[in-house]
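Asker: Mind looking over this structure? Questions follow.
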Amino acid sequence: MSQKHTTILGIESSCDDTSAAIISGVKIVSNCVSTQKVHQKYGGVVPELASRAHQELIVPVVEEALSEAKMTLEDIDAIAVTRGPGLMGSLVVGVSFAKALALAINKPLIDVNHMKAHILAHFIEDSNTNRPQFPFLCLTVSGGHTQIVEVQSPYDMKVIGTTIDDAAGEAFDKAAKMIGIDYPGGPELDRIAEEGNPDQFSFSKPRIAELDFSFSGLKTSILYNIRDWVKEDPDFISKNKIDLCASIRKSIVDILISKINLASKKTGIINLAIAGGVSANRELRRRLSMMEQEGFKVHVPKFEYCTDNAAMIAIAGKFSYDKGAFASQDIAADPRLKW
Ligand code: KG4
Ligand code: ZN
């Protein structure tokens, strides 16, 4: 007779994606993500509008996740929710909803750290065929964070490098904006770059010691170079858009790859992984995968588990559930939640 797997409802609302997912064992049975469109015309996420949209979307998204999984609330053993880091108004919607639902169905509540969840997405059954072995280094790159994390176990993670200014995703989005690509420009810049020459233009490289990152110098270099080129030829951007995208992408990916290399040298860890929205970047995925030839073991998650999603919250919740680490009803959303 087959044993019933632990079934967890995961809820994610830290930024501008409202998402609900259900995990049964380590298998995701539904993962519904509603990306808020309202921010596009403002060129960035407007916190007030994000929390309002989460309020409207959260019930339909949870209902959709249940219906896709062909389940009812009675099948759920626990509710996992992102407690932080993220936008306060956005987090509050998910946390309040999860607390109320846990009370209503009398099931345990689990609080999840969004950044740790990005990393734990590697352990979803269908995320990748070769899950990372411990210890591994994870380059966690999103719109708000850029970190190198030393992962000893699902419960033991340490940040060993971080950005001192912008995050990698922010660098992609800001550079994209400079060449007329709408927010969030990262994915579109990546798509256009596929056809371009990455060596056509070069920008200044940061000189940051050790494992920390900086993208503000690169951003200024891109801005000033483009300004000068446009002065000489007003149509410069439209004539060179494809090569600009490829060259900008290469500059950002070069920085990320050099730091993960350095982190491996320093720690002696050869298992490497990427996580977070920017890990959807094709060039980053290729360059990291090529490191297999140099003896590294590389782990790249499925596209759908790279950008914000509740499947990663559900798998993180599963690890906490197995350890009996539950949250009480007095937890609060924490925009700066620490590790
Ligand atoms: O993890 P995520 O979905 O949300 C945060 O927690 O921030 O990451 C979003 C970021 C955005 O900056 C977006 O432009 C970037 O990830 N991103 C990409 C790609 N897909 C998403 N950047 C470059 N290339 C991509 N393919
Ligand atoms: Zn994220």
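Asker: Using the beta-carbon distance between residue 297 and residue 158 and R0 = 30 Å, what value does 1/(1 + (r/R0)^6) give for FRET efficiency, to the nearest 0.05?
Answerer: Between residue 297 and residue 158 the formula returns 0.95.
Asker: In nm, to one decimal, how far is the modelled label at residue 188 from the one at residue 75, with both set 7 Å along Cα→Cβ?
Answerer: Here the modelled spin labels are 3.8 nm apart.
Asker: Determine the share of the chain's accessible area contributed by carbon and sulfur atoms, expressed in whole percent, with a 1.4 angstrom probe.
Answerer: Heavy-atom surface of the chain belonging to carbon and sulfur, 1.4 Å probe: 51 percent.
Asker: Okay, next question. Need the full-extension length gain, residue 254 to residue 200, defined as separation in residues times 0.36 nm minus the C-alpha distance. One decimal, nm.
Answerer: 17.9 nm is the gain from fully extending residue 254 to residue 200.
Asker: Checking the cross-link filter: which lysines have an alpha carbon closer than 25 Å to that of residue 99, excluding same-chain neighbours under 8 positions apart?
Answerer: 4, 27, 70, 107, 116, 318, 323, 338
Asker: By DSSP, what percent of the beta bridges with both residues in the chain are antiparallel, rounded to the nearest 5?
Answerer: Looking only at bridges with both residues in the chain, the antiparallel portion is about 60 percent.
Asker: Also: Taking a cut-off of 37 Å, what percent of all Cα-Cα pairs in the chain are separated by more than that? Don't skip to the answer; put the middle values down first.
Answerer: Working: 10726 of 57291 pairs.
Result for the distance tail: 19 percent.
Asker: What does the accessible area per residue of the chain come to in Å², with a 1.4 Å probe and no ligands, DNA or RNA counted?
Answerer: So the chain comes to 45 Å² accessible per residue, rounded to a whole number.
Asker: Let me ask something additional. Measure out, as a whole number of angstrom, how far apart the alpha-carbon centroids of region 184-203 and region 34-76 sit.
Answerer: Measuring centre to centre over Cα atoms gives 31 Å.
Asker: Through the Karplus equation 6.51 cos²θ - 1.76 cosθ + 1.60, θ set to phi - 60°, convert the phi angles of region 96-105 into ³J(HN,Hα) values in whole Hz; use x for Gly and Pro.
Answerer: Values, residue by residue: 5, 4, 5, 5, 5, 5, 4, 5, 4, 9 Hz.
Asker: Let me have the 222 nm mean residue ellipticity of the chain computed from DSSP H runs of 4+ only, each contributing -39500 (n - 2.57), with the sum over all residues rounded to the nearest 500. Working shown, then result.
Answerer: Details: 9 runs with 137 residues, N = 339.
Value at 222 nm, helices only: -13500 deg cm²/dmol.
Asker: May I ask for log10 I(q)/I(0) of region 136-300 at q = 0.10 Å⁻¹, from a Debye sum over the Cα atoms as equal point scatterers with solvent left out?
Answerer: Cα-only, vacuum Debye calculation for region 136-300: -0.36.
Asker: Express in whole angstrom the spacing between the alpha-carbon centres of region 103-121 and region 294-312.
Answerer: Taking the Cα centre of region 294-312 as reference, the centre of region 103-121 is 19 Å away.
Asker: For residue 163, enumerate residues with amide H under 5 Å from its amide H, sequence gap 5+ or separate chain, H modeled in the peptide plane.
Answerer: Amide H to amide H, under 5 Å and 5 or more residues apart or across chains, residue 163 pairs with 146, 213.
Asker: For region 30-74, list residues with backbone N below 15 Å from a point placed 7 Å from the Cα of residue 125 toward its Cβ?
Answerer: 30-31, 69-70
The values are calculated or read from the model by the stated rules, or taken from the named source; none is laboratory data. These numbers were taken from a predicted model, which means no experiment stands behind them. Neighbour counts run over all protein chains shown; Cβ positions are idealised from the backbone, glycine included. SASA here: full protein model, heavy atoms, side chains in, ligands and nucleic acids out. Shrake-Rupley method; radii C 1.70, N 1.55, O 1.52, S 1.80 Å.
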